[in-house]
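Written below as structure tokens is the structure these notes are about.
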Amino acid sequence: MIYTTGDGALTLFWKPLNLAAAGLNLALTVLIILFSRVKFREDQAHGAYIEKIIFLFLLLCAVRALHSWSYTRSPDTGMYYAIHDFGQYLTVGVLLTFVYVCAVRLRFILSPAGKFYEQRVVLKPESVTRWRDEIDRAILKYFFNRKPFLGRIGIVEKKTDIEQNSTT
């Protein structure tokens with residue numbers, strides 16, 4: 001028993017609560033994944049930035065589950081506090097990203113294009129393509145081949161003068 005030989009009383013004291021928190025966060029992570037699969041399988045348009053907010057909730061629950069579980073594995077108080085500090089930095093980083101995404105969503109919703117988009121999503125979601133923002137453009141640019149995503153997300157590419165001259 002590693003906890004009783006050294007400075008592990010803090011870990012022993014908080015172990016039941018940390019295991020319960022890890023289980024709860026793991027259950028939330030699984031539920032968010034299932035909800036996302038059902039939501040996006042329908043392939044209807046939804047409010048701007050909703051997928052990013054769902055992803056950040058997923059990331060937050062997964063990080064909290066990992067840290068709660070890792071607290072139960074720390075052999076002494078020093079390691080417990082090191083894991084705690086690292087976990088707090090990750091959690092604050094995810095929460096700050098969440099605040100940024102919510103601020104960008106609010107800025108978009110208050111714009112005339114955002115008001116129109118959100119109204120159309122509520123009234124006729126099947127007639128609206130998904131909104132693509134700067135975060136989507138960066139992800140598509142750096143991690144994916146753009147061609148399969150052009151029609152699906154509603155981007156119309158304009159031909160440049162050079163392309164038009166080369167096709168004629």
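List of remarks:
- Condition met for E134 (modelled with pLDDT of 70 or more, over 20 Å from F40 (Cβ atoms) and open to solvent by less than 90 Å² (accessible area, probe 1.4 Å)): yes
- Positions within the stretch 27-48 being hydrophobic (A, V, I, L, M, F, W, C) and without any contact (Cβ under 8 Å) to a residue 40 or more places away in the chain, in sequence order: A27, L28, V30, L31, I32, I33, L34, F35, V38, F40
- Qualifying residue in the stretch 49-68 (condition: among the hydroxyl-bearing types (S, T, Y), out of contact with any strand residue (DSSP E or B) (no Cβ under 9 Å at 6 or more places or on another chain) and within 24 Å of A9 (Cβ to Cβ)): yes
- Listed by position, the helices (runs of 4 or more DSSP H) inside the stretch 1-119 whose residues that are among the aliphatic types (A, V, I, L, M) and open to solvent by less than 40 Å² (accessible area, probe 1.4 Å) number at least 3 are 9-41, 50-71, 77-110.
- Any hit, the stretch 137-146, residues being modelled with pLDDT under 70, farther than 30 Å from G23 by Cβ and either in a helix (DSSP H, G or I) or open to solvent by 70 Å² or more (accessible area, probe 1.4 Å) (or both): yes
The values are calculated or read from the model by the stated rules, or taken from the named source; none is laboratory data. Everything numeric in this text was worked out from a predicted model, so none of it was measured. Here Cβ is always computed from backbone atoms with ideal geometry, including for glycine, and neighbour counts include all displayed protein chains. Heavy atoms of the whole protein, side chains included, go into the accessibility calculation; ligands, DNA and RNA do not. Shrake-Rupley method; radii C 1.70, N 1.55, O 1.52, S 1.80 Å.
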